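S.K.: Structure in structure tokens, see below.
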């Protein structure tokens, strides 16, 4: 299969028609001056559509916020905030609570999604050979992972965590199968040359494999799987608590922008699809549309953070073997706020 993702290495902002920018009608009253900030995110992930909308439609600019987007892999986005090289990061609740358990207290000011957004697929011929039943309970389905070599993203990333939780649900340990840490741009080539048996990653990569007939879905983190981890705080916008004390207006503008962006995503499908198409020019129209539908059903509007979603992130840490029960934080107080979502 051709590597349709070759040009995604250059994740530049989409250039939309001026009519789209003029038609947003979602701006807030202009502030006294533009403020500069930065956001670290994993590149080429469709689950971050709301952030793409904020950038590409000018929502950040219209809120007098100049945002430098820094593309980093996996959990390094969170490390960038901790180190002070980025003001904000897009991450998941498992990263927030793991950092807090190790003395690195961060603050979540928004949650773009309420599910992990990961999809796990297996090579079609393997599924057929082993008589995989897509309608079986999740725990039964996950037994098919035994003996397989699966690509699960960087260690500690949501993709990696999701795959490990699935194995846990199937009664497997990490000794029962292999996880290869492969980045988004190398997944398709590795699958094509049969270096891996399956992929567990964010959209659109697993969906592309299903669309071309080479893979089948064995678990879908855009359709409330695993059910015991729902809702799950994903697409969290994290920052250092001190930033919102020292530069409160930056956090207010960021939060307000994300309220507008999630509303745009859910109410303006065609324009949101245009943004995805510009951002992912090598992805087929059908996969772009199905990915949009998956992102839309996960999107929170307004993007409020909830304690139960953070708790489920801790459950994910536990089930994936990333954080011992005794190391969990005793309270989520001070780890999140919804005060900037106005």
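S.K.: Go through the range 218-234 and give me each residue that's closer than 14 Å to residue 89 by Cβ and touching a helix residue (DSSP H, G or I) at 6+ places or on another chain (Cβ under 6 Å). Spell out how you get there, then give the answer.
M.R.: Initially, the range 218-234 is screened for residues closer than 14 Å to residue 89 by Cβ, giving 233-234.
Listed by number, the list holds a single entry, 233.
S.K.: Please enumerate the residues belonging to the range 194-221 that are surrounded by 17 or more Cβ atoms within 10 Å (Cβ to Cβ) and assigned to a loop (DSSP other than H, G, I, E, B).
M.R.: Result: 196, 197, 203, 204, 221.
S.K.: Tell me, please, whether a residue that is part of a loop (DSSP other than H, G, I, E, B), at pLDDT 95 or above, over 26 Å from residue 316 (Cα atoms) and in the same structural domain as residue 298 (by TED's automatic domain parsing) can be found in the range 53-60.
M.R.: Yes; the residues of the range 53-60 include at least one that is part of a loop (DSSP other than H, G, I, E, B), at pLDDT 95 or above, over 26 Å from residue 316 (Cα atoms) and in the same structural domain as residue 298 (by TED's automatic domain parsing).
S.K.: In addition: Tell me, please, whether a residue that is more than 22 Å from residue 143 (Cβ to Cβ) and in a loop (DSSP other than H, G, I, E, B) can be found in the range 185-192. Spell out the reasoning first.
M.R.: Taking the range 185-192 as the starting set, the residues that turn out to be more than 22 Å from residue 143 (Cβ to Cβ) are 185-190, 192.
In the following step, the residues that additionally are in a loop (DSSP other than H, G, I, E, B) were identified as none.
No, because not a single residue in the range 185-192 is more than 22 Å from residue 143 (Cβ to Cβ) and in a loop (DSSP other than H, G, I, E, B).
S.K.: Looking only at the range 104-112, decide whether some residue is assigned by TED's automatic domain parsing to the domain that holds residue 315 and modelled with pLDDT under 95.
M.R.: Yes.
S.K.: Okay, next question. Taking the range 57-68 on its own, how many of its residues are closer than 21 Å to residue 299 by Cα and either without any contact (Cβ under 8 Å) to a residue 60 or more places away in the chain or surrounded by fewer than 23 Cβ atoms within 10 Å (Cβ to Cβ) (or both)? Reasoning before the result, please.
M.R.: As a first pass, look at the range 57-68 and keep what is closer than 21 Å to residue 299 by Cα: 57-60.
Going one step further and asking which of them are either without any contact (Cβ under 8 Å) to a residue 60 or more places away in the chain or surrounded by fewer than 23 Cβ atoms within 10 Å (Cβ to Cβ) (or both), we end up with 58.
Residues meeting the conditions: 1.
S.K.: From the list 177, 191, exactly one residue is without any contact (Cβ under 8 Å) to a residue 60 or more places away in the chain, over 21 Å from the mean Cα position of the chain (by Cα), outside the structural domain of residue 283 (by TED's automatic domain parsing) and crowded, with 17+ Cβ neighbours inside 10 Å. Which is it?
M.R.: Values: 191 fails: without any contact (Cβ under 8 Å) to a residue 60 or more places away in the chain.
Of 177, 191, the one residue that is without any contact (Cβ under 8 Å) to a residue 60 or more places away in the chain, over 21 Å from the mean Cα position of the chain (by Cα), outside the structural domain of residue 283 (by TED's automatic domain parsing) and crowded, with 17+ Cβ neighbours inside 10 Å is 177.
The values are calculated or read from the model by the stated rules, or taken from the named source; none is laboratory data. If you're wondering where the values come from, they're calculated on a predicted model, not measured in any experiment. Ideal geometry is used to build each Cβ from the backbone, glycine not excepted, and the neighbour counts take in all protein chains shown.
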